[in-house]
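To start, the structure under review is shown below, and the notes come after it.
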Amino acid sequence: MKEQRLHFDFEARYYTLGELTKDTKQVWFVLHGYGQLAKYFIKKFETLEHKGVYVIAPEGLSHFYLEDIPTRVSSGSNRVGATWMTRENREMDIQNYISYLQSIYDLELNQIDKPSVSIFGFSQGGATATRWALSGKPHFNKFILWAGVFPPDMNFESGKKILKGKKVITVYGDNDPFVTPERMKEMEYLSSKIELTPKKITFHGKHEIDDKTLLSLVDL
């Protein structure tokens, strides 16, 4: 058996919030977590629209039913989520979503003077945001990991160069069941590998977006 590969045109969607004009001061690319959809995830950022922020929410290129077949049959639920990648064919998925994210960036920002750009990754979207940022393709000013950590296979040399001088912020809920002491130690270790100490912010909550904390990030 021989694996074959090909390139072909692929159509994908993304969502925006607010208006992008020559007066726009900030653009945020917000990347959702595992099993979420961009059209719902972007609603969590509506509070930023009142601050003049233009929000762009890409969506993972792979979709799946959130419940197994017996559950769907018994409950009638057909909820769908998206994911950025799995362990299967992961390197191809990574290159595909980096190309997709950069295509959105180029399309949205190619006709205006570059505003301040923030890249925001929530949970699984944090690893995706990191890989895209460290590809060296997007210009950005602020990098935010919310309820996520750097991926252990990140390019450490690129991380040192690209994140140097950037505003790098981590945000965690103090009751987030996914943010364990082991995960925090891993984050500290990976941060040290790229010679970086992110600004750490915590809020009272779980694996969620907190409006008050989110608004505070606009002016950092």
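Would it be correct to say that VAL55 is touching a residue at least 12 places away in the same chain (Cβ under 8 Å), touching a Ser or Thr at 6+ places or on another chain (Cβ under 7 Å), in a strand (DSSP E or B) and among the hydrophobic types (A, V, I, L, M, F, W, C)?
Answer is yes for this residue.
If you check ARG87 against the conditions, is it modelled with pLDDT of 95 or more and either farther than 21 Å from VAL27 by Cβ or in a helix (DSSP H, G or I) (or both)?
Numbers: modelled with pLDDT of 95 or more: no; either farther than 21 Å from VAL27 by Cβ or in a helix (DSSP H, G or I) (or both): yes.
So ARG87 fails the test.
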Could you go through region 196-208 and let me know if any residue there is surrounded by fewer than 19 Cβ atoms within 10 Å (Cβ to Cβ), under 18 Å from GLY33 (Cα atoms) and small (Gly, Ala, Ser).
yes
Give region 122-157 a look and list any residue that's at positive phi and touching a helix residue (DSSP H, G or I) at 6+ places or on another chain (Cβ under 8 Å), or say none.
GLY136, ALA147
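Just to be sure, is GLU49 out of contact with any Ser or Thr (no Cβ under 8 Å at 6 or more places or on another chain) and either modelled with pLDDT of 95 or more or of a type outside the set (S, T, N, Q) (or both)? Break it down stepwise before answering.
On the way: out of contact with any Ser or Thr (no Cβ under 8 Å at 6 or more places or on another chain): yes; either modelled with pLDDT of 95 or more or of a type outside the set (S, T, N, Q) (or both): yes.
In short, yes.
Could you list all residues from region 19-34 that are more than 17 Å from GLN102 (Cα to Cα) and not in a strand (DSSP E or B)?
Taking region 19-34 first, the residues more than 17 Å from GLN102 (Cα to Cα) are 19-26, 33-34.
Within region 19-34, GLU19, LEU20, THR21, LYS22, ASP23, THR24, LYS25, GLY33, TYR34 meet the criteria.
The values are calculated or read from the model by the stated rules, or taken from the named source; none is laboratory data. Everything numeric in this text was worked out from a predicted model, so none of it was measured. So basically every Cβ, Gly included, is an ideal-geometry build from the backbone, and we count neighbours across all protein chains shown.
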